[in-house]
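Novice: One structure, as structure tokens, below. Some questions next.
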Amino acid sequence: MTDLAQSRVALHAKRPVMSSHTERCHLRYTREQLFDLVADVERYPQFLPWLVAAHIRARRDNTVWVDMVVGASRLSRSFSSKAELRRPERITIGSQDAMFDRFEQTWLFELAQDGGTVVEFRAHIELRSPLLQAVMGAFFEQAARTMVQAFSHRARQLYGAARGAQQ
């Protein structure tokens, strides 16, 4: 076997593992406010730095089909997703797009005992390309944290400062 053939076999044999991350935070806003913020997909480009465009393609009952463009500068990629909305408790997002082997995101909104809402964001993403998966894995946790922080900042913009908030 040539060196090139061995490299290809090794690349496929050592496929990078799926990127998974869970982020939790306590925000002093209602579940309804935070649910509505996350469900308002078409406004994401206003506050998520790597989201170039988002368009709701269809809506039926509690299901929304969305087309998005992610990236920066000249490097961008479009994909479609489907979100199941269960107001005000949960938003579950998935994609069967060809660029993913697995794409699952879940937002949970739980009443906090001392007021406000505990928000939990879970993301499980595996890209079909081993090279892109390896690149994504290097910054995935930070990107998930940045995303939750962007939503927290957006909540402050829309709903005002929350007294005593742990953000």
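The values are calculated or read from the model by the stated rules, or taken from the named source; none is laboratory data. Being a predicted model, the structure only gives us computed values, none of them experimental. Every residue, glycine among them, receives a Cβ derived from its backbone with ideal geometry; neighbour counts consider all protein chains shown.
Novice: Please go through segment 89-99 and give me each residue that is surrounded by 18 or more Cβ atoms within 10 Å (Cβ to Cβ) and either in a strand (DSSP E or B) or not polar (S, T, N, Q) (or both), ordered by number. Full working, then the answer.
Specialist: Quick first cut of segment 89-99, residues surrounded by 18 or more Cβ atoms within 10 Å (Cβ to Cβ) only: 91, 93, 95.
Those that are surrounded by 18 or more Cβ atoms within 10 Å (Cβ to Cβ) and either in a strand (DSSP E or B) or not polar (S, T, N, Q) (or both): ILE91, ILE93.
Novice: Evaluate segment 118-126: report whether one residue or more is of a type outside the set (Val, Ile, Thr), more than 27 Å from ARG31 (Cβ to Cβ), touching a helix residue (DSSP H, G or I) at 6+ places or on another chain (Cβ under 7 Å) and at pLDDT below 95. Walk me through it before giving the result.
Specialist: Residues of segment 118-126 of a type outside the set (Val, Ile, Thr): 120-124, 126.
From the residues that got through so far, the ones that are more than 27 Å from ARG31 (Cβ to Cβ) too are 126.
Adding the requirement that they be touching a helix residue (DSSP H, G or I) at 6+ places or on another chain (Cβ under 7 Å) leaves 126.
Checking the rest, the ones that are also at pLDDT below 95 come to 126.
Yes, segment 118-126 contains at least one residue that is of a type outside the set (Val, Ile, Thr), more than 27 Å from ARG31 (Cβ to Cβ), touching a helix residue (DSSP H, G or I) at 6+ places or on another chain (Cβ under 7 Å) and at pLDDT below 95.
Novice: Now for a separate question. Take the residues in segment 57-76 that are modelled with pLDDT under 95, assigned to a strand (DSSP E or B) and more than 15 Å from the chain's Cα centre (by Cα); name whichever of them is nearest to THR117 (Cα to Cα).
Specialist: Checked segment 57-76; the qualifying residue nearest to THR117 (Cα to Cα) is ALA72.
Novice: Another one. Restricting to segment 121-135, name every residue that is surrounded by fewer than 16 Cβ atoms within 10 Å (Cβ to Cβ) and part of a strand (DSSP E or B).
Specialist: Within segment 121-135, just HIS124 meets the criteria.
Novice: List every residue pair whose Cβ atoms sit under 9 Å apart, with the two residues 6 or more apart in sequence or on different chains, where the first one lies in segment 138-163 and is within 16 Å of TRP107 (Cβ to Cβ) and of a type in the set (Phe, Trp, Tyr) and the second, anywhere, is part of a helix (DSSP H, G or I) and modelled with pLDDT of 95 or more.
Specialist: Pairs that qualify, where the first residue is within 16 Å of TRP107 (Cβ to Cβ) and of a type in the set (Phe, Trp, Tyr) and the partner is part of a helix (DSSP H, G or I) and modelled with pLDDT of 95 or more, are PHE151/LEU34; PHE151/LEU37; PHE151/VAL38.
Novice: Let me ask something else. Residues being modelled with pLDDT of 95 or more and in contact with a Leu (Cβ under 8 Å, 6 or more places away or on another chain): count how many of those fall in segment 89-101.
Specialist: Looking only at that region, the number is 3.
Novice: Tell me, which residue of segment 102-120 that is touching a Leu at 6+ places or on another chain (Cβ under 7 Å) and in a strand (DSSP E or B) is surrounded by the fewest Cβ atoms within 10 Å (Cβ to Cβ)? Break it down stepwise before answering.
Specialist: Step one: list which residues in segment 102-120 are touching a Leu at 6+ places or on another chain (Cβ under 7 Å), which gives 109, 116-117, 119-120.
From what is left, the residues that are in a strand (DSSP E or B) are 109, 117, 119-120.
Numbers: PHE109: 23, THR117: 23, VAL119: 25, GLU120: 16.
The qualifying residue surrounded by the fewest Cβ atoms within 10 Å (Cβ to Cβ) is GLU120.
Novice: Across segment 144-167, what is the number of residues that are surrounded by 14 or more Cβ atoms within 10 Å (Cβ to Cβ) and modelled with pLDDT under 85?
Specialist: 3
Novice: Could I ask something else about it? Within segment 45-55, is even one residue under 29 Å from GLU32 (Cβ atoms) and in a helix (DSSP H, G or I)?
Specialist: First, the residues of segment 45-55 that are under 29 Å from GLU32 (Cβ atoms): 45-55.
Checking the rest, the ones that are also in a helix (DSSP H, G or I) come to 45-46.
Yes, some residue in segment 45-55 is under 29 Å from GLU32 (Cβ atoms) and in a helix (DSSP H, G or I).
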